[in-house]
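**Q** The structure under discussion is supplied below as structure tokens; questions concerning it will follow.
The values are calculated or read from the model by the stated rules, or taken from the named source; none is laboratory data. As the structure is a computational prediction, the values presented were derived from the model and not from experiment. Cβ atoms come from the backbone with ideal geometry, glycine included; neighbour counts cover every protein chain shown. Heads up: the accessible areas ignore ligands, DNA and RNA and are worked out on the full protein's heavy atoms, side chains in. Shrake-Rupley method; radii C 1.70, N 1.55, O 1.52, S 1.80 Å.
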Amino acid sequence: MTEQTRPLDVVILAAGQGTRMKSSLPKVLHPVAGRPMVAWAVKTARDLGARNVVVVTGHGAEQVEAALGEADVIFARQAQQLGTGHAFIQGLDALSDHQADVLVLYGDTPLLRADTLTALLSDHRARGGAFTVLTGEVPDATGYGRIIRDAQGNVERIVEQKDATPQERDVREFNSGVYLMDARARELSARITNDNASGEYYLTDLLGLYRAEGAEVHAFKLTDPSEVMGANDRTGLAEAEGIIRARLTQEHMRAGVTIHLPETVYIEDTVQLGRDVTLEPGVILRGQTRVAEGATIGAYSVITDSTLHEGVTVKPHSVLEGAEVGAGSDVGPFARLRPGTVLAGGVHIGNFVETKNARLAQGVKAGHLAYLGDVEIGEETNVGAGTIVANFDGVNKHRSTVGAGVFIGSNSTLIAPRVVGDAAFIAAGSAVHEDVPEGAMAVARGKQRTLEGWSKRYWGGLRGKVQEKLPWLAGWLDRQG
């Protein structure tokens, strides 16, 4: 096979404990923009077209493997933490075919772009290289291993900070820890020893082993060194999140999305946005959310795993989860659409309306202060303010059906399971506990009694207290004679 057709395998080192996170959650599972850090590395490997992706686990292995259970990766356990070289060998041992280039990535560096690694791979193969190290250059490389070159500019070795001479510490080119190597990786990694002060097997030793074979060793320099920034503690995590958030908002804006105050908006990378979508400040979009062309999402709304069709308006401070909103519908402000909500086109959901497992047909209007749970509502029905579908009897949920063209008066309660026929009327304040036939009117409320002169008789007997506490009422009593 040729250089360009040789397959690529990726080994992701994700066995470290990450004590600086000060967390019971394994370091590589801390999320950045909606994905665990290690899942970013897996995604990048897949975007590169890797044949096999091996994730080396150690600390919290069961949790890490469960989190990546559907990611189509191979797991290798590093039972003892004996260094990066030892972890890499565990990863190689999980592969049955070793006739491939091997790329080493890390589970705690979520910022590395697939485009950068594609360029690294192309450069490696174009040069016919055997071992290529990804490097960067910063004004102060304190804490990093340094890239030491010979007089001709060739990569000679990597020296760790603690082992570097004062002159070597002035070197600004650093080792990212990302390596691309040819199929000799398995044979040469077996020669790594732990003959050092730490008693660990260092992956950096591979560079020297390749050079000892007379193999071509090169460096590929990053244009943006922040790509290999690791998140070692919560501040690093927040910094990584900020960088990815900025990348995502810029990508969406370049694709035709208007984002007011992009630094305030949170969009996970699984979200899809159409052209001419508008996002106001403070919007949060999560999971498998899909927003079609021309939709507007108001300030401080939170939308998770929901689909918004063309021209939808979500007004400020609304919360949608697992909902579908039809074209031209509007929601909010301060509305909540819970899982199982499906709105057809032209539906109006107003302020402080909550829906759950509800299907609302074309043109339904629920303007204020309503709860619509486990219900199907027909076209052009009007739901009055304060309407409640009482779907839970304390043990079981029950479903109701409301027909088309129904008028439900304010402060009505439908006690499920109920069927309300087309064109029916429900009088305001009714507690509906029987089905309502098509075209009928239901009045289900207590009879009003009016007692004339009650206020004068009652409050007049308490005139002293009224005068002291409620002078306006005392004045009214005086006017009554």
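**Q** Given the Cα-Cα distance of residue 476 and residue 149 and 0.36 nm per residue of separation, how much length would full extension add, in nm?
**A** Result for the pair: 108.0 nm of gain on full extension.
**Q** I'd like to check one number: the per residue accessible area of the chain, probe 1.4 Å, reported in Å² as a whole number.
**A** 47 Å²
**Q** Let me ask something additional. How much of the DSSP bridge set in the chain is antiparallel, in percent, rounded to the nearest 5?
**A** Percentage antiparallel, nearest 5: 15.
**Q** With both bridge residues required to lie in the range 11-133, what share of the DSSP beta bridges run antiparallel, to the nearest 5%?
**A** 15 percent
**Q** Pop out the carbon and sulfur fraction of the accessible area of the range 275-320 as a percent, whole number, probe 1.4 Å.
**A** Heavy-atom surface of the range 275-320 belonging to carbon and sulfur, 1.4 Å probe: 47 percent.
**Q** If you don't mind, there's one more thing I want to ask. Explain nothing, just the number: dipole magnitude of the range 256-396 about its Cα centre with +1 on each Lys and Arg Cβ and -1 on each Asp and Glu Cβ, in debye rounded to the nearest 20.
**A** In total the dipole reaches around 180 debye.
**Q** With no solvent and one equal point scatterer per Cα, compute the Debye intensity ratio I(q)/I(0) for the chain at 0.09, 0.13 Å⁻¹ and report its log10, rounded to two decimals.
**A** Listed by q, the Debye log ratios stand at -0.76, -1.12.
**Q** Given 37 °C and 0.692 mPa s, how large is the Stokes-Einstein diffusion coefficient of the range 394-468 in µm²/s, with Rh as the Kirkwood radius over Cα pairs?
**A** 218 µm²/s
**Q** So, one more: Largest first and to the nearest Å, give the Cα extent of the range 291-333 along each principal axis.
**A** Principal extents (largest minus smallest coordinate, Cα): 20, 17, 12 Å.
**Q** How many lysine pairs in the chain, separated by 8 or more positions in sequence or lying on different chains, have Cα atoms less than 18 Å apart?
**A** 6
**Q** Percent of Cα-Cα pairs per 5 Å bin, from 0 to the last occupied bin, for the range 221-272, please list those.
**A** 4, 18, 25, 20, 18, 11, 3, 0
**Q** Counting only DSSP beta bridges with both residues in the range 126-229, what percent are antiparallel, rounded to the nearest 5?
**A** 70 percent
**Q** What's the carbon and sulfur percent of the range 341-409's accessible surface, probe 1.4 angstrom, rounded to a whole number?
**A** Carbon-and-sulfur percentage of accessible area, whole number: 56.
**Q** Explain nothing, just the number: relative contact order of the range 9-101, from Cα pairs under 8 Å at least 6 residues apart, as a whole percent.
**A** Here the relative contact order equals 34 percent.
**Q** Next up: List the residue ranges in the chain for DSSP H helices whose C-alpha atoms run 18 angstrom or more along the long axis and whose Kyte-Doolittle average is -1.0 or above.
**A** Answer set is 114-127, 234-254.
**Q** Might you report the magnitude of the Cβ-based charge dipole of the range 13-150 about its Cα centre, with Lys and Arg at +1 and Asp and Glu at -1, to the nearest 20 debye?
**A** It comes to approximately 240 debye.
**Q** Given the -39500 (n - 2.57) contribution per DSSP H run of 4+ residues, what per-residue ellipticity at 222 nm results for the chain, rounded to the nearest 500 deg cm²/dmol?
**A** Value at 222 nm, helices only, nearest 500: -6000 deg cm²/dmol.
**Q** So how many Å³ per residue does the convex hull of the Cα atoms of the range 65-114 work out to?
**A** 122 Å³
**Q** Please compute the contact order of the chain in relative form: average sequence separation of alpha-carbon pairs under 8 Å and at least six residues apart, divided by the residue count, as a percent.
**A** Over the chain, the number comes to 8 percent.
**Q** Using DSSP loop states and a limit of at most 16 other Cβ atoms within 10 Å to flag trypsin sites (Lys or Arg not before Pro), what is the longest stretch of the chain containing no flagged site?
**A** Maximal segment without exposed cleavage sites: 276-398.
**Q** Distance between the C-alpha centers of the range 1-58 and the range 66-122? Whole Å please.
**A** 6 Å
**Q** Can I ask one more? Report the Cα-based extents of the range 198-343 along its three principal axes, largest first, to the nearest Å.
**A** Ordered largest first, the range 198-343 gives principal extents of 69, 31, 26 Å.
**Q** Right, here's the next one. For the range 250-308, what relative contact order do you get, as a whole percent, if you take Cα pairs closer than 8 Å and at least 6 residues apart?
**A** Computed over the range 250-308, the figure is 30 percent.
**Q** At 1.4 Å probe size, with no ligands or nucleic acids counted, give the accessible surface of residue 24 in Å², nearest ten.
**A** That residue has around 110 Å² of solvent-accessible surface.
**Q** Moving on to the next point. Just grab the label-to-label distance for residue 123 and residue 137, each label 7 Å out from Cα along the Cβ direction, in nm (one decimal).
**A** 1.1 nm
**Q** While we're on this one: Please give the Cα centre distance for the range 391-416 versus the range 302-347, rounded to the nearest Å.
**A** 21 Å
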